[in-house]
Structures are given as C-alpha cells and as structure tokens.
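Undergrad: I'd like to ask some things about the structure below.
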Amino acid sequence: MAEASLAFDTLRSLLSERHSCRAFLPAPLAREQIERVLDAAQRTASWCNAQPWQVYIAGGPRLERLRTALLAAASDVPAPDLSWPRAYNGIYRERRRECAMGLYAAVGIAEGDRVASARQASENFRLFGAPHLAIVTADEALGTYGAIDCGAYVANFLTAAQALGVAAIPQAAVAAHPAVLRAHLDIPQERRIVCGISFGMADASHPANSFRTARAPASDCVVWVGEGDEGGG
C-alpha cells in the first residue's frame with residue numbers, strides 16, 4: 001500500500017505541476033532526453049492496441065523553415081483535418097474566456113486590446129520559440145477513435161516530459177494548416193493531423209510562464225449512477 005500511495009502521489013504531483021509553456025529557451029534538448037519521453041508515451045493504451053499515432057518531430061533548420069511558413073499562413077482560413085469545436089457553450093465558454101484573460105493579464109494585455117491579443121495569438125505559429133515540435137497524426141481509416149487514442153498519447157507525452165523537467169504545450173493551432181505541415185515534414189495524405197506539441201526548456205523569466213489555469217473539482221464533471229445509493233443500484 002505504501003508503494004502504491006507513493007506512486008499515486010508522484011503521478012498527482014506531475015499532473016498538478018504540469019502547465020502549458022508559452023515561452024521556451026532556444027537551446028535544443030539532447031536526443032536521448034527526447035527518446036525517453038517518446039519511450040514512455042509509447043506505453044499509452046489504445047483500442048485493440050492499434051497504437052495509431054505516428055509522430056513527426058522537427059528541430060534545427062527544418063523547424064525554422066516550418067516556423068516561418070506557419071507564421072506566413074497564420075492569417076489564412078483554417079483548414080484542419082479534424083473538425084474544430086462547433087461552439088463553446090455555457091461553462092466551456094466561461095473556462096475558455098478565463099484561460100484567455102489569465103494569459104493576457106500575465107503578459108500585460110489590456111482587455112479589448114485586439115492588436116496585442118492578435119500578436120500574442122501569433123505566438124502559436126512561432127511555436128512560442130520552442131526548439132522542437134512534435135506533430136501527432138492518426139491513420140485516416142481509424143476515424144474518431146484513432147484521434148481519441150492520439151489524445152491519450154498526447155497526455156502521456158506531456159506527463160513524461162514533466163517528469164524529466166521538459167516543458168511542453170499541446171497546440172491545436174498548428175493543425176489549422178495541414179498543407180504547410182505536410183509540405184515541410186513529408187507527412188502522407190492518409191495521416192490525419194491531430195495536433196502539435198511544442199517542447200523544450202521553459203524560459204522561466206517570461207511572464208507568460210507565470211500563468212496557470214485552474215481545474216474544476218472532479219465532482220463537477222462526474223455523474224455517479226447507482227454507486228452508493230441506499231438499497232443498491
């Protein structure tokens with residue numbers, strides 16, 4: 001029991017301390033360090049153990065060319081492989097707005113300053129200065145559940161990175177322009193681009209990295225059915 005409790009406490013600590021890094025130091029990571037993250041994330045559970053993710057990792061001059069191309073395409077109409085949310089309603093809209101306002105406050109953007117907020121949004125396409133980018137893709141034939149498995153992979157990648165002191169941020173924004181990604185990273189058409197993960201070492205001095213999002217209590221997101229009812233379910 002003591003060992004199980006220690007393992008749980010370690011996991012809970014990693015999940016609590018992890019945050020989306022929005023400013024990176026330019027120095028690249030050692031290949032061995034990246035491979036350790038990848039090896040851990042590869043243990044992700046998937047439907048029928050299909051392991052549908054294929055991950056394209058860019059760095060160095062190739063990433064710099066991609067960064068330039070993404071910035072140039074930032075104002076183009078998004079055309080993601082996977083449909084984006086149709087709407088953020090109710091509490092989801094509130095949480096989204098709270099996230100944006102918290103970030104803007106951290107970097108000194110006044111509410112309503114659209115020029116400054118657009119400039120901050122463009123940082124997504126600069127990859128926040130990260131020295132590495134992972135593009136997570138799924139086999140097109142696996143449909144929605146292939147993408148769900150990739151989401152689990154992303155979560156485990158982020159947790160493994162946190163365990164090694166590596167900063168990261170999952171990014172749907174870069175998936176807005178799949179043609180750019182395919183052209184620069186040789187991604188086949190049959191691979192559906194799920195999202196990107198920018199990663200490296202955090203620039204701890206940057207105000208964007210002082211910002212943290214909150215989490216709702218589990219009770220807000222869980223419906224107990226039959227469990228604990230008097231007289232049984």
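The values are calculated or read from the model by the stated rules, or taken from the named source; none is laboratory data. Keep in mind it's a predicted model, so treat the numbers as computed, not measured. Glycine also receives a Cβ, built like all others from the backbone with ideal geometry; neighbour counts cover every protein chain displayed. All accessible areas refer to the heavy atoms of the entire protein, side chains included, with ligands and DNA or RNA removed. Shrake-Rupley method; radii C 1.70, N 1.55, O 1.52, S 1.80 Å.
Undergrad: Hey, how many Å between the Cα centroid of region 177-195 and the Cα centroid of region 78-112?
TA: 25
Undergrad: Sum -39500 (n - 2.57) across every DSSP H segment of at least 4 residues in the chain, then divide by the residue count to get the 222 nm mean residue ellipticity, nearest 500.
TA: Values: 7 runs with 96 residues, N = 233.
About -13000 deg cm²/dmol.
Undergrad: May I ask you to list the GluC sites (Glu not before Pro) in region 10-112 that are in a DSSP loop and have at most 10 other Cβ atoms within 10 Å of their Cβ? Write down the numbers at each step before the final one.
TA: Details: sites: E17, E32, E35, E64, E94, E98, E111; in loops: E111.
Those that pass, being in a loop and sparsely packed, are E111.
Undergrad: With a 1.4 Å probe and all protein chains left in place, how much accessible area per residue does region 12-141 have, in Å²? Walk me through the intermediate numbers first.
TA: On the way: 8270 Å² over 130 residues.
About 64 Å² of surface per residue is accessible.
Undergrad: Once neighbouring chains are kept in place and the probe is 1.4 Å, which whole percent of the accessible area of region 116-233 is contributed by carbon and sulfur?
TA: Values: 3030 of 5570 Å².
That fraction is 54 percent.
Undergrad: Go ahead and run the numbers for FRET between R97 and L11, Cβ-Cβ distance against an R0 of 25 Å, rounding to 0.05. Before the final figure, lay out the partial values.
TA: Values: r = 30 Å, r/R0 = 1.20.
Approximately 0.25, to the nearest 0.05.
Undergrad: I've got another one for you. Around E17, what is the net charge, scoring Lys/Arg as +1 and Asp/Glu as -1 over all other residues with Cβ under 15 Å from its Cβ? Show your work: numbers first, answer last.
TA: Numbers: positive: R12, R18, R212, R215; negative: D9.
Overall, the nearby charge balance is +3.
Undergrad: Using only the Cα atoms of region 9-57, build the gyration tensor, take square roots of its eigenvalues as a ≥ b ≥ c, and label the shape rounded, prolate or oblate: rounded if a/c is under 1.5, else prolate if a/b is larger than b/c, else oblate. Don't jump to the answer; show the numbers that get you there.
TA: Working: a/c = 2.06, a/b = 1.25, b/c = 1.65.
Since a/c reaches 1.5 but b/c is at least a/b, the shape of region 9-57 is classed as oblate.
Undergrad: Shifting gears a bit: Report the FRET efficiency, 1/(1 + (r/R0)^6), for A50 and T213, where r is their Cβ-Cβ distance and R0 is 30 Å, rounded to 0.05. Numbers along the way, then the final one.
TA: Numbers: r = 31 Å, r/R0 = 1.05.
For R0 = 30 Å, the calculated efficiency reads 0.45.
Undergrad: Rounded, prolate or oblate, given the Cα gyration tensor of region 115-233, with a/c below 1.5 counting as rounded?
TA: Numbers: a/c = 2.25, a/b = 1.37, b/c = 1.65.
Oblate, because a/c is 1.5 or more while a/b does not exceed b/c.
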